Amino acid sequence: MGQKLQFKIPFDQDVETYLKKNHPKVADYRLISKSLDARGASRGKKPICHYSLEVIGANEHFDAFTESFTKKEFNGKPPIIIGAGPAGLFCALRLAEYGISSIILERGAPANERMKHISRHWRYGVFDQENNVCFGEGGAGLFSDGKLITRVKSPHINYVMNKLVDFGAPAEVAYVSNPHLGSNKIRALISKITDFLRTAGHEIRYQQKVEGLLYEGGTVVGVELQDGSKLYSDHVILAAGHSAHEIYHHLEKNNVEMKQKDFAVGVRIEHFRRDMDKMQFGDFAGHENLGTARYRLSYHDHEQNRGTYSFCMCPGGYVLSSGTDENGIVVNGMSNFARNSPWSNAALVVTVKAGRDFSKDNLLSGMAFQKNIEKHAFELSKKYASGKEVPSQTIEQFLSGKNADVKNQKHSCPSGVFSQNLEELLPEFITKELKTALGDFDKKIKGFSSTQGVLMAPETRTSAPVNIQRDKKSLVSTSHTGLYPCGEGAGHAGGITSAAVDGIKVAESIVRQLN
C-alpha cells in the first residue's frame with residue numbers, strides 16, 4: 001500500500017517535475033484528488049492546483065480498489081425499481097453485486113431513441129409526454145451536464161465513481177474535484193450500464209409507465225402499469241424523479257406519508273464563455289491547464305431570511321427547454337464533456353419556503369406553485385412566439401426595469417427565446433431577491449451583471465416539492481412497508497451522485513433484510 005502525499009503547485013507546473021525535484025524516491029503515483037484554486041486570478045494572482053497523491057517506492061505496488069460481495073439466496077419475486085435514472089440504475093447495480101436480479105420499469109425510451117424525441121421538441125415544438133429532458137432512460141441527469149458534484153459524505157461515492165469509470169467514463173472522474181462527464185458521454189455510458197444489467201439477469205422494460213402502486217392494507221405489494229397489467233414484489237423501489245408529478249397525487253390519495261419541503265425557483269443566467277473566463281481568470285484565461293471557468297455564488301437576505309444562489313453551473317454549455325407538460329415551460333442547463341460552446345450558464349434561484357410562500361394546508365401546493373409559473377411561461381410563449389421559445393430578458397433590462405428586447409441577443413437555447421419582462425412572469429419576492437443578489441454577485445465577480453448577460457426563465461425544477469417519509473435505518477416508507485422511496489423524486493437526494501448513492505443505500509437495506 002502506498003503513502004499519501006499532499007502538496008500545491010502553480011497551475012502550469014508539471015506534477016512529475018515537482019516529484020522528481022522534491023520526492024526523488026517516488027517510483028510511481030496515482031491521483032486521489034485534484035482541485036484548482038483560482039481565487040485572485042482576475043487580479044493577477046497565479047492559480048494554484050492542490051493535489052493529493054498515493055505514492056510508492058521501488059518494488060512496491062498499488063492496492064486495487066475492490067469491494068467484496070457475498071452472493072445471496074433470493075427466492076422471492078424480484079425487486080421492482082420504478083425509474084431508470086441514477087438512483088434506480090445504481091440500486092440495480094448494487095443488487096447485481098449480490099446476485100439479485102430486479103425488474104426496472106421506465107416510462108420513456110432508451111437514451112438514443114429518447115434523444116430523437118427531445119430534438120423534435122426543441123426544433124419543432126413537438127412534445128412527447130413520456131420522452132423529454134426529464135423522462136426516459138438515464139433520467140433528468142442525462143441532460144443536465146453530467147456533473148458529478150455532491151456535498152453528501154458517503155463511503156459509497158468511491159463505488160459510484162469507479163463504476164462510472166468501469167463503464168467508460170474518463171479516469172479523471174475518480175479523482176478530480178467536482179468531476180464532469182458531459183451530457184454526450186453520459187448518454188453512451190448509461191446504455192452500457194443497462195446492457196450490463198440485462199446480461200446480469202435484470203429485466204428492463206421501456207415505455208412502461210407505472211399508473212400506481214398496489215396495496216394490501218399498510219403494505220405495498222406491487223405496481224399497476226398503464227396497460228392495466230400488474231406486477232408483484234415484496235420490495236418496490238420508487239425512484240421516479242422529481243418531475244413525475246402524477247406519482248405524488250397517487251401517493252397522497254393513498255395516504256403514503258409525505259411532507260412539504262422547501263425548494264428554489266428563479267432563472268438561468270448566461271454569459272459568453274470568453275467573458276466569464278476573463279472575469280474569473282484574468283490574463284490567465286485561455287490557458288490549457290485552466291479549462292473553462294466555473295463559479296458558485298450565494299447571497300443571504302438576513303432581513304427576509306431567504307437565500308439566492310447559483311446552481312447547476314454549466315461552463316461552455318447550453319440552456320435547454322426542459323418541461324414535462326405540454327402546456328408548461330421550464331429551463332435547465334447542460335454542457336458536453338469538452339465544454340466548448342461559446343456560452344456559460346447557471347441557474348440563479350431563490351429559496352421558496354413551505355408554509356410561507358405556498359399554503360401548508362395542501363400537501364401538494366408547492367408543486368402547484370411550480371406548475372403555475374411553468375404554465376404562465378407557456379401561455380406567454382404562445383402569445384408572443386410559437387409556444388416553444390423561452391421567456392428572456394437581458395440582465396441590464398431586468399435590473400433597470402426596461403422593457404425586454406432580445407431580438408438581437410445571441411444565446412445558446414435550441415428552442416429559441418422571446419422578449420419578456422421577467423417581473424411579469426415570476427413572483428415579486430423572487431425578482432426582488434434576484435435583483436439584490438445580482439448586485440452582490442457583481443462585486444464578487446466584476447462584470448457578472450453586465451449588459452452582455454441574458455436571463456432565461458423559469459428555472460423551477462431544482463428539487464422535489466415534497467419529501468416521501470422513510471425510516472432512517474431501513475429506508476422503508478414510514479406509512480407503508482414494502483415501499484422504498486429513493487432518490488431526488490423522494491426528496492432524499494439532489495444530483496446524479498447523491499441519487500446514485502441513495503440507490504445503493506436502498507439496495508444495501510434490502511440485502512440486510514435478507515440476512
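Here, each number is a calculation from the coordinates, and none is a lab measurement. No experiment lies behind these values; they were computed from the predicted model shown. Positions of Cβ are backbone-derived with ideal geometry, glycine not excepted, and every protein chain shown enters the neighbour counts.
Using Cβ point charges alone (K and R +1, D and E -1), the dipole size of the chain about the Cα centre works out to roughly 1020 debye.
Each Lys and Arg contributes +1 and each Asp and Glu -1, all at the Cβ; summed about the Cα centre of segment 1-139, the dipole is approximately 600 debye. Taking the fewest neighbouring Cβ atoms within 10 Å as the starting point, the ordered list for MET161, MET115 is MET115, MET161. Between LEU225 and LYS402, full extension at 0.36 nm per residue minus the direct alpha carbon distance yields a gain of 58.7 nm. Farthest toward the positive end of the dipole of the chain, out of ILE373, ILE395, ALA347, is the Cα of ILE395, where the dipole comes from beta carbon charges about the Cα centre.
What does the charge add up to near LYS209, with Lys and Arg as +1, Asp and Glu as -1, over the other residues with Cβ less than 12 Å from its Cβ? Around LYS209, the charge tally is -4. 7 Å from Cα along Cα→Cβ at both ARG205 and LYS375: what's the point-to-point distance in nm? Taking the two extended label points, one gets 3.2 nm.
Can you tell me how the chain classifies by the Cα gyration tensor, rounded, prolate or oblate, using a/c under 1.5 as the rounded cut? Since a/c reaches 1.5 but b/c is at least a/b, the shape of the chain is classed as oblate. Seen through its C-alpha gyration tensor, with square-root eigenvalues sorted a ≥ b ≥ c, segment 207-323 comes out prolate because a/c lies at 1.5 or above while a/b is bigger than b/c.
Take each peptide in 467-473, 102-108, 414-420, count the other Cβ atoms within 10 Å of every residue, and average; sorted highest first, the result is 102-108, 414-420, 467-473. Helical content alone sets the calculated 222 nm signal of the chain at -8500 deg cm²/dmol, taking -39,500 (n - 2.57) per DSSP H segment of four or more residues and averaging over every residue.
Expressed to the nearest 5 percent, the antiparallel share of DSSP beta bridges inside the chain is 75 percent. Rounded, prolate or oblate: which one fits segment 3-56, using the alpha carbon gyration tensor with axes a ≥ b ≥ c (rounded when a/c is under 1.5, else prolate when a/b beats b/c, else oblate)? Prolate shape, in that a/c is at least 1.5 and a/b is the bigger ratio. Exposure proxy shown here: for ARG43, ARG356, ARG306, the number of other Cβ atoms within 10 Å sets the order, fewest to most, as ARG43, ARG356, ARG306. Taking other Cβ atoms within 10 Å as a rough exposure proxy, GLU488, GLU389 sort from fewest to most as GLU389, GLU488. Counted by Cβ distance under 14 Å from HIS50, the other residues give a net charge of +4, where Lys and Arg count +1 and Asp and Glu count -1. Each residue of segment 254-267 was assigned a 3J(HN,Hα) from its phi angle through the Karplus expression (A = 6.51, B = -1.76, C = 1.60, θ = phi - 60°), giving 9, 6, 6, 5, 9, 9, 4, 9, 5, 8, 9, 9, x, 9 Hz with x at Gly and Pro.
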